[in-house]
1. Check which residues have an amide H placed less than 5 Å from Ser197's amide H, if you skip close sequence neighbours.
2. Could you order Val143, Val387 so the one with the most accessible surface comes first? Probe is 1.4 Å.
3. Express in Å², to the nearest 10, the accessible area of Leu450 obtained by rolling a 1.4 Å probe over the protein heavy atoms while all chains stay in place.
4. Quick one: what are the phi-derived ³J(HN,Hα) couplings along the stretch 667-672, Karplus 6.51/-1.76/1.60 with θ = phi - 60°, whole Hz, x for glycine and proline?
5. Please calculate the 1.4 Å probe accessible area of Asp685, with all protein chains present, and give it to the nearest 10 Å².
6. So who's got an amide H within less than 5 Å of the one on Leu129, skipping anything under 5 residues away but keeping other chains? H placed 1.01 Å off N, in plane.
7. For labels at Ser4 and Lys449 in the simple 7 Å Cα→Cβ model, what's the distance in nm?
8. Please give every one of the lysines within straight-line cross-link reach of Lys226, meaning a C-alpha to C-alpha distance under 16 Å, and leave out same-chain neighbours fewer than 8 residues apart.
Amino acid sequence: MNTSRDIRYSLRHLLKTPGFTATAVLTLAFGIGATTAIFSIVEGVLLRPLPFADPQKLVIAGDRLEGTDFPPGATAPSAVEYMRDARSFSTLAAYTFAGHELSGAGAPAQINDARITASLFTTLGVSPLLGRVFTQQEDEGRVQVAVLSYQTWRSRFRGDPKIVGATIQLDRKPYQVIGVMPRDFEFPLVPGQLNRSELWEPMSFTQGEIESGKGSWNFGLVGRLKPGVTPAQAQQDMERVAQEVMRSFPPAMAAVRIHGAVQRLDEFTVQAARPLIRALFLAVAVVLFIACANLAGLLLVRVIRRRREIAVRLALGANARVVLRQNLIETLVISVTGGLLGLLSAGVVLRAGVSLLPETLPRINSITLDWGVAGFALLLAIVTGMVCGLAPALAATRTDVNEALKEGGRTGTGGAGHARLRSILVVAELAVALVLLTGAGLLLRSFEKLRAVDMGFRTDHVLTASYGLPKQQYSTQASIDAFNQALLEKLAHLPGVQAVGITSFLPGTGIDSGSAFYAEGYNPPKGQQLVLGWTANVIGDYFRAAGIPLIRGRAFNDADRADSPLVVIVNKTLADRFWPGQDPIGKRIHIGTRETALPWMTVVGEIGDIKQTTADQETRPQFYNPPSQTKRVIGEFAPPDLLTANGGSIVMRSAMPPEQMADSLRAVVRSIDPQLPLTQVESMDRLMAEGQAPQRFNTALISSFAGAAVLLAILGIYSVIAFSAALRNQEMAIRLALGSQRSNVMRLILVSGAKLGLAGCVIGGVAAVFATRLLRSLLFKVDPLDPFVLVLAAVSIFALAILASLVPARRAAAVDPMQALRME
């Protein structure tokens, strides 16, 4: 009953001061809303268990290639051996990415899918939402069946409940849909990649993959550990099988060394996202702290303003415990209201903002505002409010009745202890705001350096598009070559087109294409078995279309056929590293190691260095081949059914804006093959902007939090200086009446603000030295202790602190002495 009465009393008091109430509730709502939104991301990406049965028993397994930092992988032959011989797993499944033309569901489209062994669904312990998954017999029998993802079922088939049993076309071959997976099922989970699978089909290893795939680590393995088996024990088991795998290596791979590797699936999934999530968590913690400090300051000011009221209650016999409870209940009302409002705002932000998250962030579909997160938000609001309100409430119970009831009690300073507490809160706000502002400055500086990187190619007036030729229609090399030749010829004759080419991998898109090679005459350092380079196939006038400079030699031409001498074009880094100070034209390289007996390729051209993956990656040796010679280049590693140049990316340079050429490009493709879909038809400028989207997102988000933190901190120092100046009205009036200049009064107030700002900058600067190290992995060519950023952030905070003190200082200097003294 007493509690109910206290709540009603608190509500009446809060409604009498709508300005204070609205400020306190909105301050807390902002902090709780931001914290809840970020916690939802952290919980969905890092904390929530993977949507698989007993996920802590799931591991990623495979080979770790000695001398590389590649994640665990497997070749087709080694995947078969691991699944057959590894003893630490109750089940072990293989998977690899694939791309198909999907038709039979509206307009043809190029989709990402995954080839998986039938044991994968059993390994993960997930059942389909509709229908069934395929069996081992269907996998081994090459039965053409497919299981759809939930998103594909909803978007391409409009959630048709009768989809099971329907026929779709993959690469123009009929596949029967046998199932649909649940909404939250996503696999493979590959950190930092966008190719989320839209459907799954049987692995059905081809004979060529088994016989000639020993040098191609394009497969992955996922396993479920047997009861009692640890990842370390499983790694030892994998190492045993890896030694058996190496014994079957052909002589050409004699120098290649592999080791068994095992890593927990949940750790593997989120490892690339951890630095960003940690930075977000730090940022939101700072904002929440500042919001709490502001709330504590507001409540403390309210207690000071109510000193006479509290003193009267205590003088009339009220118990100090009753006063404490009353103040805490009032704080609780503010907390619950602010928490509910923050929860509502977090829901709105998440609904609108998840689509803005980097697509490379894993498990985006798992990010929701569920009941657990809502409970966390409300609990956080209550705890935050109570912590913020405890000190002011205790201060209220220690009110000196005699002092408060004196005439001066209405305009005194409210006690030196209260003033120190308010000052400490403001200094802390400024310090943590400086930390966040420094982090934002570092990310901004890093992003500017990233944008300033010379990619080595020209992005202006370039249109790109990707395609893949379906095997059913293009089953021979002659049909593929005819398509490519017709495409290049027709595009080259379009008005305004200056150059056109095709490449297997577009530059600057983050796709890695590593291949070991050996340069003639090079003696590798002791212990270095593999020299890795980035490689691609190119057709037509690709280098001129992409704006890549040819330093010396020539580009590929029509004479570079399958039966002509093997040729290669290398970049400057490769030439300078292996033939320093020499002309690379006429030099030779071959695939593999020095001992590999593969044919030599003669260098016919040297191009400038380009950032083939991303701008923040070190430039690696690069070499390019005409696809017509690929079979001879890789020799015994070439599958007998290998088809080259049956997909890639078109690069077209024109005198007109690339957007105006998109329809012409589509029309040319339709004239050759009316059913062939094009994907990612966009300008090279936009493609590069998309490649920088994660860094842009990191910078924008941290900067937003930094701006909010600085704003809250400035409001905090403004409120403290304004309140302190208001309490000293009588003092200022006396000073003016005794002849003090108004400029001296302004200086007095500004000095108070400057002292707080300076203290905050010193403490924040020290904290920033340690805190910004968390951003190291997100920075590009910027030191976390960059003095320019640190000094600029400190000067900005100090200047804003002075600016926030200016309005109270001017108000104090403008006081009318006679009116102020008459009021006192």
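The values are calculated or read from the model by the stated rules, or taken from the named source; none is laboratory data. Small disclaimer: the values here were computed from a predicted structure and weren't measured. We place every Cβ from the backbone using ideal geometry, glycine too, and count neighbours over all the protein chains shown. What goes into the accessible areas is simple: the full protein's heavy atoms, side chains included, and nothing from ligands, DNA or RNA. Shrake-Rupley method; radii C 1.70, N 1.55, O 1.52, S 1.80 Å.
1. Amide H to amide H, under 5 Å and 5 or more residues apart or across chains, Ser197 pairs with Phe187.
2. Val387, Val143
3. Spelled out: Leu450, probe radius 1.4 Å, area about 10 Å².
4. 5, 5, 4, 5, 5, 8
5. 80 Å²
6. Answer set, sorted by chain and number: Val180, Met181.
7. 6.5 nm
8. Within the straight-line limit of under 16 Å, Lys226 reaches these lysines: Lys57.
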